[in-house]
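> This is the structure I want to talk about, given as structure tokens.
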Amino acid sequence: MTFATKVKSEISHNKGLIGRNKKAFSYGMMLCGKSFSQQSISMTTENKYIAKLYAKLIFQQIPMQTSVTTREYNGNFQQPTYAVSVDDEEDRKTLLAFFQGQEGGFDFALLEDVEHRHAFLAGALLSCSNISDPQKDYHLEFVLTDEQTALFLMGVLDSLQLNFKRTTRRGQQIVYCKDSASIEEILTMVGATGSMMDVVNVKIYKDMRNKVNRVTNCETSNIEKTVSAATVQAADIRYLQQRGLFDTMEVPLKQTAQARLENPDMSLRELGELLGVSRSGINHRLQKISQLAKQARDEEICGGPQKK
């Protein structure tokens, strides 16, 4: 089962939300379906249960003169698709008047109650939404056929402080969200709490993985810096040995130099713990050794005397 299928299954089987807000839920399904006008009222879906629910909700609320037609055909990739339509013109007029009044237009009064808006969005999600698997991406969208319906839906979403945007794609209106927090909120509102928890769990996993990666990258960077610095320090110490200058150094410097040669991977803090010296003390000693090596190289370049 895909994540989108799971979301729609949770919504369509939420008898509590649908039962308490049947008209608002039905309005969301029908308004955001394939068409909702005097010329055509219809919706298409790949979910047989959702197609039956669409037809059932019509008959539960409106005394229809003729039957609602449900047809099955092969859609994309031979996936069964179900088309539901109200074929009689008088029945379509009755439905439109029931949901939008005799004047037509959009019925804002039907959605004054917050739970009614939640139910409306639940119906819309069943009719025209796509939602990505959170393992891959955070993306939820409503695909609508006309701009006015898209604007009405945006108004409902905005009233609930949900972060959605609108665009067009191949002549269709797309109302979409890429914000994981808003996706979690809308799934909670429409009763898909199991799917919401899936999003939360994936988000937690991704956050933990990113933190581990950041720590690992930081540790790797620190190790690389330590090894790089230790390589330079070891080269300076060996140069002093080759020039016969190692034994002329003070005892603390010789101890530090020997410890560095024997422990090239140790950090300054670890070297300090080994020798019982602070990190800054070890750093000072190694800088002193580096200065002695630089001075010796400068003397060699200038033809100064080589000590035996």
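Coordinate-derived values only; no laboratory data. All figures in this text were calculated on a predicted structure; none of them were measured in a lab. In this analysis, Cβ positions are derived from the backbone assuming ideal geometry, glycine residues included, and neighbour counts consider all displayed protein chains.
> Find how much the distance from residue 98 to residue 49 grows on full extension, using 0.36 nm per residue of separation minus their present alpha carbon separation; answer in nm with one decimal. Please list the in-between numbers first.
Working: separation 49, 0.36 × 49 = 17.64 nm, distance 2.40 nm.
So the extension gain works out to 15.2 nm.
> I've got another one for you. How much net charge surrounds residue 164 when only other residues with a Cβ under 13 Å from its Cβ are counted (Lys, Arg +1; Asp, Glu -1)? Mind showing how you got there, number by number?
Working: positive: 165, 166, 178; negative: 141, 158, 179, 185.
Net of charged neighbours comes to -1.
> Count charges around residue 51 for me, please; just the other residues with Cβ under 13 Å from its Cβ, Lys/Arg as +1, Asp/Glu as -1. Can you show the working numbers first?
Working: positive: 8, 34, 48, 52, 56, 71; negative: 46, 72.
Its environment carries a net charge of +4.
> Okay, moving on. Would you pull out the residues with amide H under 5 Å of residue 69's amide H, same chain only if 5 or more places away, H placed 1.01 Å from N?
Correct list: 85, 87.
> Grab the other residues whose beta carbon is less than 11 angstrom from that of residue 27, score K and R as +1, D and E as -1, and report the net.
On the way: positive: 22, 23, 117; negative: 107.
In short, +2.
> I need the phi-derived Karplus couplings for region 38-46: 6.51 cos²θ - 1.76 cosθ + 1.60, θ = phi - 60°, integer Hz, Gly and Pro marked x.
Values, residue by residue: 5, 6, 6, 10, 7, 8, 10, 7, 8 Hz.
> While we're looking at this one, here's another question. Can you pull out the trypsin sites (Lys or Arg not before Pro) in region 78-169 that DSSP calls coil and that have at most 11 other Cβ atoms within 10 Å?
On the way: sites: 92, 93, 117, 136, 165, 166, 169; in loops: 136.
Filter output for region 78-169: 136.
> Which of the chymotrypsin sites (Phe, Trp or Tyr not before Pro) across region 200-308 are loop residues per DSSP, with 16 or fewer other Cβ within 10 Å? Write out the running numbers ahead of the final one.
Details: sites: 205, 239, 246; in loops: none.
Within region 200-308, no chymotrypsin sites (Phe, Trp or Tyr not before Pro) qualify (loop, at most 16 other Cβ atoms within 10 Å).
> Roughly speaking, what is the stretch gain from residue 1 to residue 169, that is 0.36 nm per residue apart minus the C-alpha to C-alpha distance, in nm to one decimal?
My answer for the length gained is 57.8 nm.
> Only Lys, Arg, Asp and Glu count, each charged at its Cβ (+1, +1, -1, -1), so figure out the dipole size of region 215-301 about its Cα centre, rounded to 20 debye.
Working: 11 positive and 12 negative charges, 32 e Å.
The calculation lands at about 160 debye.
> Does the chain come out rounded, prolate or oblate, given a ≥ b ≥ c as the square roots of the eigenvalues of its C-alpha gyration tensor, rounded meaning a/c under 1.5 and, failing that, prolate meaning a/b above b/c? Walk me through the intermediate numbers first.
Working: a/c = 4.66, a/b = 4.42, b/c = 1.06.
Here the chain falls in the prolate category.
> How large is the dipole of region 3-191 about the Cα centre if only Lys and Arg carry +1 and Asp and Glu carry -1, each at its Cβ, rounded to the nearest 20 debye? Mind showing how you got there, number by number?
Working: 20 positive and 22 negative charges, 93 e Å.
Using only the charged Cβ atoms, the result is roughly 440 debye.
> Among all stretches of the chain without exposed GluC sites (Glu not before Pro) (DSSP loop, at most 16 other Cβ atoms within 10 Å), which one is longest?
Values: sites that count: 46, 103, 112, 250.
Result, exposed sites excluded: 113-249.
> If you don't mind, another one. Which residue, 96, 151, 245, tops the fluctuation ranking in a GNM of the chain built on C-alpha contacts under 10 Å?
Greatest mean-square fluctuation among the candidates belongs to 245.
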